[in-house]
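Everything below concerns the one structure shown next.
The values are calculated or read from the model by the stated rules, or taken from the named source; none is laboratory data. Keep in mind that this is a model prediction, so the values were computed, not measured. A quick note on method: Cβ atoms are made from the backbone with ideal geometry, for glycine too, and the neighbour counts reach across all protein chains shown.
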Amino acid sequence: MNKNDYITIGKITNFFGIRGEAKVGYSNKNQIENAKIIYMLDDESKKELKIEKVRFHKNFAIVKFFDIDNINDIVPFKGQRIFILKSDAIQKLENNEYLINDLINCNVYDINNEKIGSVVAVSTNGSQDLLNIKNLIGKICLVPFVDEFFPNVDIKNKKITVKPIEGLLN
């Protein structure tokens, strides 16, 4: 497998306590909560770790791994990203859910099939995801990623159709 077969789900920011738990910053709570095995691809040995339990504290996940039982075992992983298999993530997606990496670089077209621009990033405003669409003159517009505005998302062909309301893409 190559690195494209994995997606990043977080980063070990520090240890938590003395029992080998990791303090993990994450972007998607469901992915970290449902992961059973993670991969440390930044580590030279490309270590695979099995998750024993996950709990949440403030804005972090506290992750306990099997066979890591003290602070000295988790410290070497501080600062490393954690990955899961992309295929596992895709299987757990609900209808109309997409991986952020799959949305980036998709071309965006209006309902008349005229190209508007492309997705350069995905951000959030706390309540919803926003597609960062760079239009043809280089301006980036933030558009709520909701079904009303995006009737068709075709990841395979990297094509997204937008049905904008007036002023949405200005």
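Listing for the model above:
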quantity: Residues within segment 41-84 that are within 14 Å of T8 (Cα to Cα), modelled with pLDDT under 90 and not charged (D, E, K, R), tallied; calculated: 1
quantity: Test: residue in segment 115-125 that is surrounded by 16 or more Cβ atoms within 10 Å (Cβ to Cβ), among the polar types (S, T, N, Q) and not assigned by TED's automatic domain parsing to the domain that holds V24; calculated: yes
quantity: L99, sole failed condition from (1) touching a Lys or Arg at 6+ places or on another chain (Cβ under 6 Å); (2) touching a residue at least 60 places away in the same chain (Cβ under 8 Å); calculated: (1)
quantity: Which listed residue, of D147, D67, D73, is assigned by TED's automatic domain parsing to the domain that holds G20 and surrounded by fewer than 11 Cβ atoms within 10 Å (Cβ to Cβ); calculated: D67
quantity: Unmet requirement for E166, which otherwise passes all of (1) touching a residue at least 12 places away in the same chain (Cβ under 8 Å); (2) more than 30 Å from I12 (Cα to Cα); (3) part of a loop (DSSP other than H, G, I, E, B); calculated: (1)
quantity: Members of segment 18-40 that are surrounded by 14 or more Cβ atoms within 10 Å (Cβ to Cβ) and more than 23 Å from L93 (Cα to Cα); calculated: G20, E21, A22, K23
quantity: Top-ranked residue of segment 2-17 - restricted to ones that are touching a Leu at 6+ places or on another chain (Cβ under 8 Å) and surrounded by fewer than 18 Cβ atoms within 10 Å (Cβ to Cβ), ranked as modelled with the highest pLDDT; calculated: D5
quantity: Pairs where the first residue, in segment 1-24, is farther than 16 Å from V75 by Cα and the second is at pLDDT 90 or above and of a type in the set (S, T, Y), C-beta under 9 Å, 6+ apart; calculated: Y6/Y39
quantity: Conditions (1) among the hydrophobic types (A, V, I, L, M, F, W, C); (2) more than 30 Å from K23 (Cβ to Cβ); (3) surrounded by fewer than 16 Cβ atoms within 10 Å (Cβ to Cβ); (4) in contact (Cβ under 8 Å) with a residue 40 or more places away in the chain: number failed by L136; calculated: (4)
quantity: Matching residues, segment 131-163, being assigned to a loop (DSSP other than H, G, I, E, B), within 14 Å of L103 (Cβ to Cβ) and not polar (S, T, N, Q); calculated: F145, V146, F149, F150, I155, K156, K158, V162
